[in-house]
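First up is the structure itself, then whatever we jot down about it.
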């Protein structure tokens, strides 16, 4: 019991600082990578789609929640806003928080691996103007949407690292948006690749 109390005392501030730094670095990495690709290639790799389309709404909803998460985790370093976030006291103890941190790190590593695997084919959103080939090998031979699956894992990790009403809403909204966006992107790929994508869709599951 003494050990668990000591672990909780150590884990709580560790994970609190980790969340603030982690989400800040994700924002900086995504922004700088996108700007670097644009400077090198001359076109944006981030595509929102037609204004007011499903994909456009999904991206904006996701961005709102990302901004809220970043603001909350950075603010928690300096101010105790946990009562406002509705922290679940029954889950708020060391092992759960550290498990969330591990999930986030694993998700981050996996997303970066998958985006590197995609190389020039990587896009954020639907980009019908770019000529791409259909990825069906490697991770994409096991799941049609491994990046979204990895992001979902990170969303679960965020809930565990900050078990609260706020993170539960973020988790529910995030997974809902990703499921809907996966359908939008799969339809775009079906229109682009036709029978080749249909054969791929029959062979490989959407998730696992």
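Miscellaneous remarks
- The set of residues from the range 30-52 being under 26 Å from residue 187 (Cα atoms), in a loop (DSSP other than H, G, I, E, B) and without any contact (Cβ under 8 Å) to a residue 24 or more places away in the chain comprises 44, 50, 51, 52.
- Condition met for residue 96 (on the phi < 0 side of the Ramachandran plot and modelled with pLDDT under 85): no
- Criterion applied to 125, 86 was being at positive phi and more than 15 Å from the chain's Cα centre (by Cα), and the one residue passing it is 86.
- The single condition from (1) in contact (Cβ under 8 Å) with a residue 24 or more places away in the chain; (2) farther than 15 Å from residue 158 by Cβ; (3) in contact with a helix residue (DSSP H, G or I) (Cβ under 6 Å, 6 or more places away or on another chain) that residue 74 fails is (2).
The values are calculated or read from the model by the stated rules, or taken from the named source; none is laboratory data. Just so we're clear, the structure is a prediction, and the values are computed from it rather than from any experiment. No Cβ is skipped: glycine too gets one built from the backbone with ideal geometry, and neighbour counts run over all protein chains shown.
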